[in-house]
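Beneath this line is the structure, given in structure tokens, with notes to follow.
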Amino acid sequence: MMHRSAMLRRGAAIAVVLGTLTVPLVAAPAPVPVAFAAPSPTPSPDGGSGVRAMTPTVARQLDAVVQHVMREADVPGVTVGVWTPGQRDYVRSLGVANKATGRRMSRDLYMRIGSETKTFTVTAVLQLVDQGRVGLDDPVGRYLDGVPGGDRITLRDLAGMRSGLFDYSKDAGFFRALTSDPRRSFTPRQLLGYAFRHPAMFRPGEKFSYSNTNLILLGLLVEKVSGQRLGDYLDRHVLKPAGLRHTLFPAGNEFPTPHAQGYTDQTATGKVAETAGWNPSWGWAAGAMISDLDDLHTWAGTVATGVFPDGTAMVRPAVQKQRLTTPATGLRGAGYGLGIFDVRGWIGHNGSLPGYESLTVYLPSTRTTVVVLLNTDIRYRGDIEPSTLFGEAVTRVISPAHVFDLPVPASATR
């Protein structure tokens, strides 16, 4: 194996499908262990709904599996929320938000949400589609200059991760620049520069390949067509109408308080570092946003239905239907639509960038939401996202017919 700082890892299958924003290094593949979710839940009636009632027994089972994952994956702090209309809520914050101070994890903390940002950026694009200002099948070159193959790559290809464009976050020069100074600021055009030095990986629309480059282009498109900065557009047209008072698109490394400290081994030396002060501009439209538990609870149903909490349309039903058309990705049980995935019925997205991970998913049949927020991205057994471990453990308890389960095939890690 090459030295950790010398070679970029091609993201494990979980990262490829669910959109992590880490810059991972080469690691051996390992499947998510089914026994990891032990102790196994005792069956209980779900009324045919697919989700078990949140009885005290089920809550205790959730407590047990969340604590088990924390111990096994060495997670400093985590907050988990489960909500189903008509049932008791389940919200737990365990562990520490800051190892140095001992501050406890709590549900009110701001957290960096990484690639969950993609659901917001794509929403902005779909709103422009609604307004007739762009079309999903328009070539991106109609709006932005300098995109290799831009006359053939459509906005749909970009949002659906089928453009064939190289992911800038896998470029060795980008990795060196980021890890040499994690507080530096990157511009969107600088990020594209790292991507465009690489040839296209395949013809547009030919297959699925997760690339953060796609979202940088979509963010620039929103700015070009709307005449507003991306953060301003989202604040006015998405965040405020959705009632998300603790969600923001930072301009730099600002991080509202209270927030959790983050812990990563995605460093030049491989040593664990604190990341709360790192600049997420390198993720921009693909992964820079900040939110909290309650806002993500609200957003889960909003993005999955296309309807704001007040009942007004965020995007028209016909456009929302296109968002939720989730072609296969090559991983069993997982499809990816327009900036959103469907994993065994759970619709949503995850996020990961140095020091933080999140998972926000929604089960339409029961209107159940699961949100997981944690302050580390250090992988279990080298390549398994800890947020995925929590997602699998929780859903194995509450929805045995819809387990958030993603295998990690060896071909995805080489």
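The values are calculated or read from the model by the stated rules, or taken from the named source; none is laboratory data. Just so it is clear, the structure is predicted and the values come from calculations on it, not from any experiment. Here the Cβ positions follow ideal geometry from the backbone for every residue, glycine too, while neighbour counts run over all protein chains shown. Ligands, DNA and RNA are excluded from the accessible area calculation, which covers all protein heavy atoms including side chains. Shrake-Rupley method; radii C 1.70, N 1.55, O 1.52, S 1.80 Å.
Residues in the stretch 226-276 that are in contact (Cβ under 8 Å) with a residue 24 or more places away in the chain, within 26 Å of residue 174 (Cβ to Cβ) and charged (D, E, K, R): 265, 274. In the set (1) touching a helix residue (DSSP H, G or I) at 6+ places or on another chain (Cβ under 9 Å); (2) modelled with pLDDT of 95 or more, residue 97 fails one condition alone, (1).
Select from the stretch 155-166 the residues that are open to solvent by 10 Å² or more (accessible area, probe 1.4 Å) and in contact with a Lys or Arg (Cβ under 9 Å, 6 or more places away or on another chain) and list them in ascending order. Within the stretch 155-166, 156, 162, 166 qualify. Take the residues in the stretch 293-313 that are open to solvent by 10 Å² or more (accessible area, probe 1.4 Å) and outside any helix (DSSP H, G or I), then tell me which one is farthest from residue 336 (Cα to Cα). Looking at residues that are open to solvent by 10 Å² or more (accessible area, probe 1.4 Å) and outside any helix (DSSP H, G or I), I get 310. Filtering the stretch 284-336 to residues that are of a type in the set (D, E, K, R) and under 14 Å from residue 118 (Cβ atoms) leaves only 323. Note on the stretch 149-187: among residues that are hydroxyl-bearing (Ser, Thr, Tyr) and outside any loop (DSSP other than H, G, I, E, B), the one that is farthest from residue 324 (Cα to Cα) is 180. For the stretch 222-240, the set of residues classified as open to solvent by 50 Å² or more (accessible area, probe 1.4 Å) and part of a helix (DSSP H, G or I) consists of 223, 224, 232, 235, 236, 237, 240, listed by residue number. Does residue 247 fit the bill of being at pLDDT below 95 and among the hydroxyl-bearing types (Ser, Thr, Tyr)? Against the criterion (at pLDDT below 95 and among the hydroxyl-bearing types (Ser, Thr, Tyr)), residue 247 does not qualify. Taking the stretch 115-153 as the range and being open to solvent by less than 30 Å² (accessible area, probe 1.4 Å), more than 18 Å from residue 241 (Cβ to Cβ) and among the small types (Gly, Ala, Ser) as the test, the residues that pass are 115, 135, 149, 150.
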